[in-house]
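First comes the structure, then the notes that go with it.
The values are calculated or read from the model by the stated rules, or taken from the named source; none is laboratory data. Please read all numbers here as calculations on a predicted model, not as lab measurements. Reconstructed Cβ throughout: ideal geometry from the backbone, glycine too, with neighbour counts over all protein chains shown. Calculation scope for accessible area: heavy atoms of the full protein, side chains included, ligands and nucleic acids excluded. Shrake-Rupley method; radii C 1.70, N 1.55, O 1.52, S 1.80 Å.
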Amino acid sequence: MFKKILIANRGEIAVRIIAACREMGIATVAVYSDVDRAALHVRKSDEAYSIGPAPAAESYLRMDKILDVAKRSGAEAIHPGYGFLSENAKFAQACADAGVKFIGPTPHSMEMMGSKTRARQEMEKAGVPVVPGTSRGLVSPEEGEEVAARIGYPVMLKAAAGGGGKGMRLVHSREELRSAVESAQSEAQRSFGESEVYIEKALVNPRHIEMQVLADEHGNTVWLGERECSIQRRHQKVLEEAPSPIVDPDMRRRMGEVAVKVAQAANYTNAGTVEFLVDQQKNFYFLEMNTRVQVEHPVTELTAGLDLVHLQIRIAAGEKLLFAQSDVEMRGHAIECRIYAEDPDNNYFPSPGKITLLLEPSGPGIRRDSGMYEGWNVPMDYDPLLAKLIGYGADREQAIMRLQRALGEYFVAGIKTNISLFQRILRDADFQEGKLDTGYLDRLLAKGNQDVTSAAAEPQIEELETIAAIAAGMFAVLDPTSPGSKNADTTGQVSAPSNWKQKGRSDGLH
Amino acid sequence: MVYEVIVSCGAGGKSHRLEIEKATSGWECRLDGQPVNVDAVITRRDVLSLLVYGHVYEIKREQIATDLHMWAGTTCFAVELRDPRSLRSRNLAAGDEKGPRKIFAPMPGRIVRLLVAENSDVEAGQGIVVVEAMKMQNEIKSPKKGIVKRISATPGAAVNPGDVLAIVE
């Protein structure tokens, strides 16, 4: 087993990996940018090294600096987390060249899955169902028109090197196709340095369901159940759950077997996720493979009863999987809420800044993976994910009830968060009935905000209004020197309390 | 102690007269002249446990730039606390309605561009400057109809919450 691991990441995932290392008796090395010196992952690690300025391109994406820290600190392995360098085959290769174990798949598997057209070709060869379309880049708009006529509109144009919605175009008719191909190609060229664009049939309001796989370096591959990830916004997942409300044991087994086939076709090792689109008839199609630990891995950990990060480290250290597919048993239901620094009243615009008060839930069936703490300044330079709140129960209903309770106890002041969004989702009738697809969240948000304040458990707003007035006065009386009391002027700065005034007032009380 | 408390949740605000006095045990509290049975304990900074006729409320206090918020459960109330005897409070109150209004940066970020020039006419809700944070751009809007008296934001500059970006009169 490794004695020391470098974590090439920040935020909640770095903290989560550090926790796994500590549990396994492995020393940890953190890296940090200039704005992350006080970040939680630095505080929690055994050693930490600065790797440059705030922009990720100058710090968390700098392979040379990270490998240099690995060498200096004597780390034997690097865990890349998710995002940043986690799916960069060149980085995995550079680690191998430097004699440091990359905790993830081989550069070869990553390359194969990194190009969407190449992955589609391999999957077709392996007999895995893919969304109808081309598996090579379009040579001309005419070819696109031909294919689209064959598979039927609407169609989706996608960049082969794509991700995050870049180089993607939904096309409804032949008239739109030519200009869409051209603009998708030029956007792909600008974003990824590669203009290759292919075409797929667009599924209407599909579900997004993914399957967790795990493969050791001795030829054993298992699947660990699906995650329902249909609740998305701007191609960003917001809430995930395991199991999916629509997947039955037979469909689960078929999806799992396909996912294992995908992994084996890529000679895949370590933890990975096979993403599927599922249509209204519950047909599932291979979408892509994510070659890293996912943000939403905790819901699988809770339902499968396994620690995926422990297993990632064991596999990277050359250990064999100690269980077979027949040993894997899913139990209960888990739902994850991604707590983002976002302003619900301002179109979910990011909201960095200082956390002035933080009250965090725990208790039965609640897991919280967090990268924040009270007094910390959330930097404006990175992804706004602050923490993940996961509710676990014997069934979906209990998981929802526990999450609702915990969300009510979660309070973050100083910055805005999307906590209220989850309270809305969890009490929405469609959500409770499991009627989900990738258009769900946009539809919910389009309904407007009216229902937010009318939660049944809340006393009337008017009553609360008087309570707020009394509270404001009590705060000022009990804690007169703090912000917001009568001594705060309009610039927000607290002026020193005048002793004369205080004296006069306390005298006046008698 | 006598306060004028203006509480708002969404649009519009209500003004209350709040009297709080130390009693032999606990507090004597009158809201708009009506006595209210209140017990209050600060359990940690910015967290108040209130007991009102036996009902328990946990109220959280938040200060963002110049705004004071009281959170009751998931409901957020913007609160202004004034000492009606203070001349400064009265002057400020008048200034809020008519005089110049400062536009503050609501969050840390970077100025991307200006949408209006100094001395131009703006409508309430019109964008004044664009601030970028976490790879997203946000339009900071004018709180009132008027003339842009001053713009203190410079494209490319970093700003902190509470920094004055512009003044509209």
- Item | Extension gain from A:D97 to A:E182, taking 0.36 nm per residue of separation minus the Cα-Cα distance | 26.7 nm
- Among A:T28, A:I390, A:G439 the positive-end extreme of the charge dipole of chain A (Cβ point charges): A:T28
- Task: Taking the Cα centre of the range A:269-334 as origin, work out the dipole magnitude from +1 charges on Lys and Arg Cβ and -1 charges on Asp and Glu Cβ, in debye rounded to 20.
- Result: 100 debye
- Query: Got a sec? Charge dipole of the range A:197-309, +1 on Cβ for Lys and Arg, -1 for Asp and Glu; which of A:T221, A:A263, A:L287 is way out at the positive end?
  - Reply: A:L287
- Message: Give the average, rounded to an integer, of partner chain Cβ atoms located within 10 angstrom of each Cβ in B:1-8.
- Response: 5
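Roughly how compact is the range A:277-346, stated as its Cα Rg over 2.2 N^0.38 Å to two decimals? Could you put the intermediate results ahead of the total?
Numbers: Rg = 16.4 Å, N = 70, 2.2 N^0.38 = 11.1 Å.
Taking the Cα Rg and dividing by 2.2 N^0.38 Å, one obtains 1.48.
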- Carbon plus sulfur, as percent of the 1.4 Å-probe accessible area of the range A:6-58, comes to 49 percent
- Between B:R17 and A:H310, what FRET efficiency comes out of the Förster formula 1/(1 + (r/R0)^6) with R0 = 51 Å and r the beta carbon distance, rounded to 0.05? 0.25
- Query: Which of A:A19, A:A92, B:V38 sits farthest toward the positive end of the charge dipole of the protein assembly as shown, with +1 on the Cβ of Lys and Arg and -1 on the Cβ of Asp and Glu?
  - Reply: B:V38
- How far, in degrees from 0 to 90, does helix B:87-97 lean away from the longest principal axis of the Cα atoms of chain B, to the nearest 10? 50 degrees
- Excluding the sites themselves, what is the longest stretch of chain A that contains no GluC sites (Glu not before Pro) in a DSSP loop with at most 14 other C-beta atoms within 10 Å? A:1-318
- In the Gaussian network model of chain B, springs joining C-alpha atoms below 10 Å, which of B:S120, B:S142, B:S25 carries the largest mean-square fluctuation? B:S25
- Task: Round to the nearest 10 and give me the degree value, 0 to 90, for the angle of helix A:174-192's Cα axis relative to the longest principal axis of chain A.
- Result: 70 degrees
- Query: Which values of log₁₀ I(q)/I(0), to two decimal places, follow from the Debye formula for chain A at q = 0.05 Å⁻¹ with a uniform point scatterer at every Cα?
  - Reply: -0.23
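Work out the length of the dipole vector of the range A:112-261 about its Cα centre, built from +1 on the beta-carbon of each Lys and Arg and -1 on the beta-carbon of each Asp and Glu, and round it to the nearest 20 debye.
Working: 22 positive and 23 negative charges, 36 e Å.
That gives a dipole near 180 debye.
Can you pull the percent of Cα pairs in the range A:54-108 with separation above 14 Å? If you can, show how the numbers build up before the last one.
Numbers: 704 of 1485 pairs.
Percent of Cα pairs beyond 14 Å in the range A:54-108: 47.
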- Message: Given a Förster distance of 56 Å, report the FRET efficiency between A:R190 and A:E462 from their Cβ-Cβ distance, rounded to the nearest 0.05.
- Response: 0.55
- Query: For chains A and B, what's the summed buried accessible area, probe 1.4 Å, to the nearest 100 square angstrom?
  - Reply: 5400 Å²
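Give, rounded to the nearest 20 debye, the magnitude of the charge dipole that the range A:171-260 has about its Cα centre when Lys and Arg contribute +1 at Cβ and Asp and Glu contribute -1 at Cβ.
On the way: 12 positive and 17 negative charges, 64 e Å.
Taking the Cα centre of the range A:171-260 as origin, the dipole is about 300 debye.
Specify the longest stretch of chain A that does not include any exposed loop site, a site being one of the chymotrypsin sites (Phe, Trp or Tyr not before Pro) with a non-H, G, I, E, B DSSP assignment and at most 14 other Cβ atoms within 10 Å.
Value returned for the longest uninterrupted segment is A:1-322.
For chain A, report the accessible area per residue in Å² (1.4 Å probe, heavy atoms, rounded to an integer). Don't jump to the answer; show the numbers that get you there.
Numbers: 20340 Å² over 510 residues.
Ligands and nucleic acids excluded, the result is 40 Å² per residue.
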